[in-house]
Amino acid sequence: MAKSQSPVLVEPVYSSVIALLIIVMACVELCDAVTVVDVYRLVQYDLAGVPFGSRLAALNHHAGSSLFSSSAAGGAVTDLSRTVLILPVRELNLTFIREYIGQKKPLGGLLLLLPQVFNPQNVDSGGGSDHDSATKVIKEVLVELEKLLLHANIPYPVYFGFEDDHVNAVLADIKKNDATGQPATATTGGYKLVVAAPEPKKIASPAIANIQGWLPGLKADGDSNQLPTIAVVASYDTFGAAPALSVGSDSNGSGVVALLEIARLFSVLYSSAKTRGRYNLLFVLTSGGPYNYNGTHKWLRSLDQRLRETIDYAICLNSIGSSNNDLWIHVSKPPDNVYIKQIFEGFSSVSEELGLKVGLKHKKINISNPRVAWEHEQFSRLRVTAATLSELAVAPDFLESTGGLSDSRYFVDEASISRSVKLVAESLARHIYGQEGKSIDIFADNSSLSLNPSYIRSWLQFLSTTPRVAPFLSKNDPLIMALKKELADHTVEVSLQQEVLDGMFTFYDSISSRLHIYQVASVTFDLLLLLVLGSYLITLFCFLIITTRGLDDLISLFRRPTSRKVKTA
Amino acid sequence: MTIFHFFNCAILTFGPHAVYYSATPLSEYDTIGTSIRAAVVYLITALVKLVCLATFLNVSESDSFDPYQELLKALIGFIDVAGLYFALTQLAHRNISQNHKFQAVGLGWAFADSVLHRLAPLWVGARGLEFTWDYILQGLEANANLVLSISLAALGSLMWLRKNKPKTLIPIIYACAGIVATMPSITSYLRQGLGWHFPKVVGFELFTSLVMAFISWQLFAACQRPSN
């Protein structure tokens, strides 16, 4: 890094560009000489007053590369408390780190390096079926790691970064140092990692925003009754170990994309009076999904009672982007319920045509348990028939499968989203137009109602690069505005509902910062340098006296230098 | 620790100037005034050069070596020689021998150059946490520059102040002065045209400065002989 900068530095040598310009150059040089990487902090939150996550943000310690130096030191007090460990997730020893965090051993800081596949900014890592097994293993490790970190109280800063050439070079250097048994401290040089971050502050009243849009059905003349409504619901926000990296391509980016595409398809159908169905369609993008679907809860509560009663059923979309062919319909009412049966039969008949397998899973609601594992459970609690379509077979635990670190674009398949969209749209359309059981293809390919793969792709791309942890989204966040605008393009009466996340959670800011990696020299080096410089100057002094005064006065040649020498020494 | 490093680099950059002044007879004859005036002349020259550079030179986006631009830069670099001429001949120096005058002027010249071009980067850069060899090399470069400045001043004083010099040496003196005056362009060419790295360039500068200093010393001594 220094080498490339040398031209800038040498520039002032003889060229007569004046000091001001030089200062500017020096500043540029200063910024570039060090390696600066973007790092993302582990989330810091309190749950009902209990602290979790990384409790510090500022970092200023030497770098180390392994936990093992601590075990090598035996029972003695380790000085890892002033060391930042750089651990690539690729070679992470989970049991070791679990033990380390579990025993609350001191550490200066932790920098976890993720493979580039998991970088949301790495746009071209498009999803596909060619997942190599190594990446899958890393994904599993990440899931475990995230679970571990989310539920631990870690008193030092924990950051996530991405592997790149610079960082890998630094890491290789540090490893070499560690291998020679010279861990980096202030006296031996090495690398220093600095994150200049202020003390994390609490986020005052984290907001959640729900967006809804209507596609009104066609009322028959003289019909005074309200039309029944079908709701399509997807929660759009995420939660993960690193809020700035929680893009949640699958959970629940895929659901949002599917909802938008379904809204687009039906908006085409509903734009003409001839094809407008006798059902109202309601599209809702809810927030607060990871927090027991708090946003859905708030939205349902705020909905007009009469309106709520017109909802025939609600379909919640959750994690439908993975490339397997099994989907599950999760319900809370017993499967022999007539509505449930009707929904399930509608879906399974379409799924057979699409070559998908749809299963039905029933999970009773425990009203006394605050945990809401599926979005439809919020509907069911208010006695609205609802089901969740998901690829997950079992209900995820609290703060799991909420679009964290491992949920990257790489593992999401556009084709599966398209299939799911087709499944939902087709079965909805058959229900709306009373075509159940008939083998018709309303959204056939190459028709005017066909799915638009590039629309799906672009929205998936957008969501896969946009972190969406609700407390860190501002009120008029571009993401929320974009979703609202998109829904407004397809539906009418689009409204944005701002709510406050229920008080159990407290979040802290400073979710991403810049890490400066400095190569530092040791004090001994500087001392040595001073010694060398001193002897150089003394030698120069003697040499000059001998040469110049020798010309002037031969006698002083031998007498003066000795007396001067004593003086300077 | 970083202040320590800054201190070290500053010693390397500015120490030789002080040592030169105190070790040579310059201090005995109190020539500091001459040095200061030379430094002021240097500042004015630098300003003039800056204006010229800004007027005549295109800002190149790339770092590549453009011969025409470099030639222009070298020509503008000769303003330095004019400044030095002014400092040597036009400034009033009271009772100071020619021998000391050029040393004082060269010293002031080099010191002003160091302060102007190296102090700010040193202050900003060497105090940072990041360790690079650059500032040490820069200090060495300042040393080379000191030697070159004094050589150029010596040659200048030979050219302009000494009347009775051996005829055979005149072309050599002019050639050497030309080489020394074009050193900035030569190093710039090495760096950008041949892509030399900083340590190599500094090594070259140190070597050539010593060679040029030796040659000019010999020339100076040779010129002094017939006059004695």
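The values are calculated or read from the model by the stated rules, or taken from the named source; none is laboratory data. All values derive from a computational prediction rather than experimental measurement. Note that each Cβ is placed from the backbone with ideal geometry, even for glycine, and that neighbours are counted across all protein chains shown. Ligands, DNA and RNA are stripped out before the accessible areas are found, and what is left, the full protein with its side chains, is counted by its heavy atoms. Shrake-Rupley method; radii C 1.70, N 1.55, O 1.52, S 1.80 Å.
Some points to look at:
- Filter result (among the acidic types (Asp, Glu), assigned to a loop (DSSP other than H, G, I, E, B) and out of contact with any Phe, Trp or Tyr (no Cβ under 7 Å at 6 or more places or on another chain)) within segment B:124-177: none
- The set of residues in segment A:349-358 that are under 21 Å from A:Ala234 (Cβ atoms) and either free of Cβ contacts under 8 Å to residues at least 60 places away in the same chain or part of a strand (DSSP E or B) (or both) contains only A:Val358.
- Residue check for A:Thr388: buried (at least 21 other Cβ atoms within 10 Å of the Cβ), in a loop (DSSP other than H, G, I, E, B) and touching a residue at least 60 places away in the same chain (Cβ under 8 Å): no
- All positions within segment A:445-473 that are open to solvent by 50 Å² or more (accessible area, probe 1.4 Å), of a type in the set (S, T, N, Q), without any contact (Cβ under 8 Å) to a residue 12 or more places away in the chain and in a loop (DSSP other than H, G, I, E, B): A:Asn446
- Any hit, segment A:265-275, residues being at pLDDT below 90 and hydrophobic (A, V, I, L, M, F, W, C): yes
- Search result, residues across segment A:307-354 that are open to solvent by 20 Å² or more (accessible area, probe 1.4 Å), of a type outside the set (Ser, Thr, Tyr) and under 23 Å from A:Asn252 (Cα atoms): A:Asn324, A:Asn325, A:Asp326, A:Trp328, A:Phe344, A:Leu354
- Candidate set from segment B:1-48 (those that are touching an Asp or Glu at 6+ places or on another chain (Cβ under 7 Å) and free of Cβ contacts under 8 Å to residues at least 60 places away in the same chain); member that is nearest to A:Leu537 (Cα to Cα): B:Phe4
- Matching residues in segment A:295-332 - criterion: being closer than 16 Å to A:Ile365 by Cβ and not in a strand (DSSP E or B): A:Thr296, A:His297, A:Leu300, A:Ser332
- Among the candidates A:His516, A:His490, residue that is crowded, with 20+ Cβ neighbours inside 10 Å and within 14 Å of chain B (Cβ to nearest Cβ): A:His516
- For segment B:46-72, a residue qualifies if it is open to solvent by less than 80 Å² (accessible area, probe 1.4 Å) and either at pLDDT below 80 or of a type in the set (Val, Ile, Thr) (or both), and the qualifying residues are B:Val48, B:Leu57, B:Ser60, B:Ser62, B:Ser64, B:Phe65, B:Asp66, B:Gln69, B:Glu70.
- Conditions (1) open to solvent by less than 50 Å² (accessible area, probe 1.4 Å); (2) within 24 Å of A:Leu260 (Cα to Cα); number of the one not met by A:Lys357: (1)
- Cross-chain or 6+ apart pairs with Cβ under 7 Å, segment A:326-337 first and more than 16 Å from A:Val394 (Cα to Cα), then in a strand (DSSP E or B): A:Pro334/A:His362; A:Pro335/A:Leu360; A:Pro335/A:His362
- Any chance A:Val84 is under 24 Å from A:Asp38 (Cα atoms), at pLDDT below 75 and not in a helix (DSSP H, G or I): no
- Given (1) within 18 Å of B:Leu152 (Cα to Cα); (2) assigned to a helix (DSSP H, G or I); (3) facing chain A (nearest Cβ under 10 Å), number of the condition B:Val40 does not satisfy: (3)
- Condition check for B:Pro121 on (1) open to solvent by 50 Å² or more (accessible area, probe 1.4 Å); (2) facing chain A (nearest Cβ under 9 Å): one failure, at (1).
- Qualifying residue in segment A:392-403 (condition: over 23 Å from the mean Cα position of the chain (by Cα), surrounded by fewer than 20 Cβ atoms within 10 Å (Cβ to Cβ) and not in a helix (DSSP H, G or I)): yes
- Qualifying residues in segment A:519-545 (those that are out of contact with any strand residue (DSSP E or B) (no Cβ under 6 Å at 6 or more places or on another chain), open to solvent by less than 30 Å² (accessible area, probe 1.4 Å) and in contact (Cβ under 8 Å) with a residue 40 or more places away in the chain) - the one farthest from the other protein chains (Cβ to nearest Cβ): A:Ser522
- Qualifying residues in segment B:170-194 (those that are free of Cβ contacts under 8 Å to residues at least 40 places away in the same chain and facing chain A (nearest Cβ under 9 Å)) - the one farthest from the chain's Cα centre (by Cα): B:Arg191
- Scanning segment A:190-227 for residues that are in a strand (DSSP E or B) and among the polar types (S, T, N, Q), we see that the one that is nearest to A:Gln305 (Cα to Cα) is A:Gln212.
- Filtered residues of segment B:161-207 (kept if open to solvent by less than 20 Å² (accessible area, probe 1.4 Å) and under 14 Å from B:Ala144 (Cβ atoms)): B:Val180, B:Met183, B:Thr187, B:Leu190, B:Phe198, B:Val201, B:Val202, B:Glu205
- Restricting attention to segment A:54-81, the residues being modelled with pLDDT of 70 or more and hydrophobic (A, V, I, L, M, F, W, C) number 6.
- Filter result for B:Leu91 (at pLDDT below 75 and under 22 Å from B:Ala181 (Cβ atoms)): yes
- Residue match in segment A:416-431 (condition: aliphatic (A, V, I, L, M), crowded, with 17+ Cβ neighbours inside 10 Å and not in a helix (DSSP H, G or I)): no
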